[in-house]
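Participant: Quick one: this structure, given as structure tokens, is what I'll be asking you about.
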Amino acid sequence: MTREATQEPGLTFSVVIPAYNNERWIGRAIDSVLSQSRPADEIIVIDDGSTDRTAEIAAGCGGPVRLIRQPNGGASAARNAGIEAASGNWIAFLDADDQWLPDKLRLQVEHLRVHPDLQWTTGNYIECLCESEYQAPALTEEVCRKRLGGRDFVDDYLAGYAQGLTGHTDTMLIRRDLLNQAGGFRVEQKRFNDLDLWLRIAYRQPRIGYLAAPLAVHHLEAGEHISIRHHSAEVCADLIRRHLKLAAEQDRLEAFGLLAGFLLRRWMRGMLFDPARSAEIRGMLEEFGDLLPRSVRRQYRLLTAFPRSTAAGCRAVSKAVRLLGLRRKAVRKPGMVNR
């Protein structure tokens, strides 16, 4: 299939790949875009101050690949630089240690042709522990379709997110002007920088496309990530505080309040594994308790009253789930994705 044969009038697609010290994986990421059944119009690799051979490998790929080098500024700064440099009217993202499945862009382009009113779309993805030879979709296609109610979009991303229809940065395809209207990625946001932007977009454009078939592979064991992994309770709380204000300004406070409750439960559940974080959980209950049902508040107060016992119980349950192979029914695949 030639590039000319796949062009759609008025639709041009730029792919932004931020990279920092990803020499081991950057070639795989770029190849997965070059191998698309519907080619991208341009691939922009932002080398974010790498000290290894990342930039050299990207520069040697040729074709529609453009390399931009800049001092290290983090994932948000790199993605913003890619958006600014892009010539396409649609922007797709791919992390340098992940990869697209071969029909990712074609499926999304066909989806946009069916729904020309959509300004952004996303989809399911595979999570891969490839060194352990395990992989599984974030949600099975059957579960996705059930939650979508037979459609291929959700009316409100905020509600869809709380149902697990989150998509992934690797599967987002967004109109460039919508990204600019929302203000791009927040550079000072060291954690949840992608979610922060998706929420700001959703306040303006709630409706988002969603494809149940996996579109990309998120490699959980890949090397050094460009994103800085900050996950303190204060970072979580700051996101909630900011978006309570932003959602109110956009008349979306009720919808965000429901999502905020979902996020709080997920974050606090993770904190239960560390007995030293019981005070952080209680702080979140104190500040944001009105976003949670009374029964949930009581449950977490009880669990944090005996933090060591709770943490031991959580670890035991998690170990049993892994040993029994219950987590998302992840199974060994004879045909693993490329490593």
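The values are calculated or read from the model by the stated rules, or taken from the named source; none is laboratory data. The shown structure was predicted, so the numbers you read here are calculated from the model rather than taken from an experiment. We place every Cβ from the backbone using ideal geometry, glycine too, and count neighbours over all the protein chains shown.
Participant: Report yes if A78 is buried (at least 20 other Cβ atoms within 10 Å of the Cβ), in contact with a strand residue (DSSP E or B) (Cβ under 9 Å, 6 or more places away or on another chain) and either within 23 Å of V187 (Cβ to Cβ) or not assigned by TED's automatic domain parsing to the domain that holds D196 (or both), otherwise no. Before you say what the answer is, go through the steps one by one.
Facilitator: Working: buried (at least 20 other Cβ atoms within 10 Å of the Cβ): yes; in contact with a strand residue (DSSP E or B) (Cβ under 9 Å, 6 or more places away or on another chain): yes; either within 23 Å of V187 (Cβ to Cβ) or not assigned by TED's automatic domain parsing to the domain that holds D196 (or both): yes.
Spelling it out, A78 is indeed buried (at least 20 other Cβ atoms within 10 Å of the Cβ), in contact with a strand residue (DSSP E or B) (Cβ under 9 Å, 6 or more places away or on another chain) and either within 23 Å of V187 (Cβ to Cβ) or not assigned by TED's automatic domain parsing to the domain that holds D196 (or both).
Participant: Please indicate, with yes or no, whether at least one residue in the range 54-69 is touching a Ser or Thr at 6+ places or on another chain (Cβ under 6 Å) and at pLDDT 95 or above. Outline the logic, then answer.
Facilitator: Of the residues in the range 54-69, the ones touching a Ser or Thr at 6+ places or on another chain (Cβ under 6 Å) are none.
Checked against the condition, which is being touching a Ser or Thr at 6+ places or on another chain (Cβ under 6 Å) and at pLDDT 95 or above, the range 54-69 yields no hits at all.
Let's see how each residue does on (1) in a helix (DSSP H, G or I); (2) among the aliphatic types (A, V, I, L, M); (3) surrounded by 18 or more Cβ atoms within 10 Å (Cβ to Cβ):
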site: L263; (1), (2), (3): yes, yes, yes
site: A276; (1), (2), (3): yes, yes, no
site: E280; (1), (2), (3): yes, no, yes
site: D290; (1), (2), (3): yes, no, no
site: S295; (1), (2), (3): yes, no, no
site: R301; (1), (2), (3): yes, no, no
site: S309; (1), (2), (3): yes, no, no
site: V317; (1), (2), (3): yes, yes, no
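Participant: Can I ask one more? Please go through the range 31-52 and pick out each residue that is out of contact with any Leu (no Cβ under 9 Å at 6 or more places or on another chain) and closer than 19 Å to H219 by Cβ.
Facilitator: Matches in the range 31-52: D31, L34, S35, D48, S50, D52.
Participant: Among the residues of the range 91-137, what is the count of those that are of a type in the set (G, A, S), over 15 Å from H168 (Cβ atoms) and surrounded by 18 or more Cβ atoms within 10 Å (Cβ to Cβ)?
Facilitator: Narrowing the range 91-137 to residues of a type in the set (G, A, S): 92, 96, 123, 132, 136.
Among the residues that remain, those that are also over 15 Å from H168 (Cβ atoms) are: 132.
Among the residues that remain, those that are also surrounded by 18 or more Cβ atoms within 10 Å (Cβ to Cβ) are: none.
Count: 0.
Participant: Related question: In the range 51-62, which residue that is within 21 Å of D170 (Cα to Cα) and of a type in the set (G, A, S) is surrounded by the fewest Cβ atoms within 10 Å (Cβ to Cβ)?
Facilitator: Of the residues in the range 51-62, the ones within 21 Å of D170 (Cα to Cα) are 54-55, 57-58, 61.
The next check asks that each one be of a type in the set (G, A, S); those that pass are 55, 58.
On the way: A55: 21, A58: 28.
Only one residue fits best here, namely A55.
Participant: Answer yes if at least one residue in the range 51-73 is under 19 Å from A182 (Cβ atoms) and aliphatic (A, V, I, L, M), and no otherwise. Working first, answer last.
Facilitator: The first filter runs over the range 51-73 and keeps only residues under 19 Å from A182 (Cβ atoms), leaving none.
Within the range 51-73 (the criterion being under 19 Å from A182 (Cβ atoms) and aliphatic (A, V, I, L, M)), the answer is no, since none of the residues qualifies.
Participant: Conditions: (1) at pLDDT 95 or above; (2) part of a strand (DSSP E or B); (3) over 16 Å from the mean Cα position of the chain (by Cα). L178 meets all but one. Number of the miss?
Facilitator: The failed condition is (2).
Participant: Please work out if D274 is in contact with a helix residue (DSSP H, G or I) (Cβ under 8 Å, 6 or more places away or on another chain) and assigned by TED's automatic domain parsing to the domain that holds R79.
Facilitator: Working: in contact with a helix residue (DSSP H, G or I) (Cβ under 8 Å, 6 or more places away or on another chain): yes; assigned by TED's automatic domain parsing to the domain that holds R79: no.
No: the conditions fail for D274.
Participant: Let me ask something else. Go through (1) of a type outside the set (A, V, I, L, M); (2) assigned to a helix (DSSP H, G or I); (3) crowded, with 24+ Cβ neighbours inside 10 Å one by one and return the number of the condition D47 breaks.
Facilitator: (2)
Participant: Run T140 past the list (1) within 20 Å of R207 (Cβ to Cβ); (2) surrounded by fewer than 17 Cβ atoms within 10 Å (Cβ to Cβ); (3) among the β-branched types (V, I, T) and report the number of the one that doesn't hold.
Facilitator: Exception for T140: condition (1).
Participant: Among the residues of the range 194-222, what is the count of those that are part of a helix (DSSP H, G or I) and either modelled with pLDDT under 95 or acidic (D, E) (or both)? Talk me through it step by step, then tell me what you get.
Facilitator: Restricting attention to the range 194-222, the residues satisfying the condition of being part of a helix (DSSP H, G or I) are 194-204.
Restricting the remaining residues to those that are either modelled with pLDDT under 95 or acidic (D, E) (or both) gives 194, 196.
Summing the residues that are part of a helix (DSSP H, G or I) and either modelled with pLDDT under 95 or acidic (D, E) (or both) in the range 194-222 gives 2.
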